[in-house]
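As structure tokens, the structure follows; a few thoughts come after it.
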Amino acid sequence: MESRVNKNVLSLIEGDITKQDTEAIVNAANKSLRGGGGVDGAIHRAGGPKILEECIKIGGCETGEAVITTGGNLKVKHVIHTVGPIYRDGLHNEPKFLEDAYKNSLKLASSKGIKSIAFPSISTGAYGYPLEEAAGIALKTAITYLKEHTDIELVRFVLFGQKTLEVYERVLKRLTQIAFKCPA
Ligand code: ADP
């Protein structure tokens with residue numbers, strides 16, 4: 001599913017973030033930046049040791065912040081590592097931290113002249129954020145950013161599994177309430 005914001009594109013696909021050909025992908029990292037499971041593990045496995053070397057030099061990343069490294073052996077030039085919140089009960093600033101994770105990743109991408117970026121569904125795996133709520137925050141933050149900035153031409157959400165894609169699609173439809181072009 002694809003939606004336009006001004007002249008730029010917000011797209012939702014099912015797939016593997018490590019296979020993307022955007023200029024940058026975003027990693028749902030943890031504060032240590034030492035790698036982990038889920039999407040973090042997949043990115044480091046596919047990207048090779050250069051990414052971890054740079055992460056170790058950077059030293060760490062606070063929740064809601066973002067840092068950037070090489071893309072190593074991946075097709076992308078850059079990996080932006082951000083740390084989403086661990087979901088407790090929704091009363092510990094989780095929405096704000098999740099919004100910050102997306103916003104700061106986009107800001108960092110802009111500052112590096114990156115024009116296309118792919119995100120996974122941050123915090124909705126091991127960090128336990130309820131999917132529908134997280135999708136709302138992810139999509140609202142991306143739409144707002146695209147409305148306010150014109151430099152990033154493509155924001156792609158790469159969702160792992162059909163069910164996750166369907167939730168994001170439903171939420172995006174609700175948010176935009178416009179007709180969509182669905183790929184065949
Ligand atoms: P977090 O710790 O932020 O919750 P996870 O990696 O556990 O991060 O999960 C975040 C999301 O990424 C989940 O929806 C998970 O299914 C998804 N995911 C896992 N591997 C990949 C991958 N290779 N590409 C895209 N998404 C992935």
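Whole number in Å², please: accessible area per residue of the chain, 1.4 Å probe, ligands, DNA and RNA not counted.
Numbers: 9040 Å² over 184 residues.
Normalised by residue count, the accessible surface of the chain is 49 Å².
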Enter the angle in degrees (range 0 to 90, nearest 10) between the Cα long axis of helix 162-176 and the first principal axis of the Cα atoms of the chain, meaning the one along which they spread out most.
50 degrees
Quantify, in whole percent, the carbon and sulfur part of the accessible surface of region 38-167 (1.4 Å probe; protein heavy atoms only).
53 percent
Which angle between 0 and 90 degrees, to the nearest 10, do you get for helix 49-58 versus the longest principal axis of the chain when only C-alpha atoms count?
80 degrees
With the 8 Å Cα cutoff and a minimum separation of six or more residues, region 2-180 has a relative contact order in percent of 30 percent
What list of ³J(HN,Hα) values in whole Hz, one per residue of region 77-86 in order, does the Karplus curve 6.51 cos²θ - 1.76 cosθ + 1.60 (θ = phi - 60°) give from phi, with Gly and Pro shown as x?
6, 10, 10, 9, 9, 10, 10, x, x, 7
Check the straight Cα-Cα distances from residue 173 and name the aspartates and glutamates below 19 Å, setting aside those fewer than 8 residues away within the same chain.
2, 14, 132, 133
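Just the number, please: percent antiparallel of the DSSP beta bridges in the chain, rounded to the nearest 5. Write down the numbers at each step before the final one.
Numbers: 10 of 27 bridges.
Taking every DSSP beta bridge within the chain, about 35 percent pair in antiparallel fashion.
Where the convex hull is taken over the Cα atoms of the chain, what is its projected area averaged over directions, in nm²?
On the way: hull surface 38.4 nm².
Over every viewing direction, the Cα hull of the chain projects on average to 9.6 nm².
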Read phi for every residue in region 2-13 and hand back ³J(HN,Hα) as whole Hz from Karplus 6.51 cos²θ - 1.76 cosθ + 1.60, θ = phi - 60°, with x for Gly and Pro.
9, 9, 9, 10, 6, 9, 9, 10, 10, 10, 10, 9
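The values are calculated or read from the model by the stated rules, or taken from the named source; none is laboratory data. Since the model is a prediction, treat every value here as computed from it, not as a measurement. Surface accessibility is based on the protein's heavy atoms, side chains included, excluding ligands, DNA and RNA. Shrake-Rupley method; radii C 1.70, N 1.55, O 1.52, S 1.80 Å.
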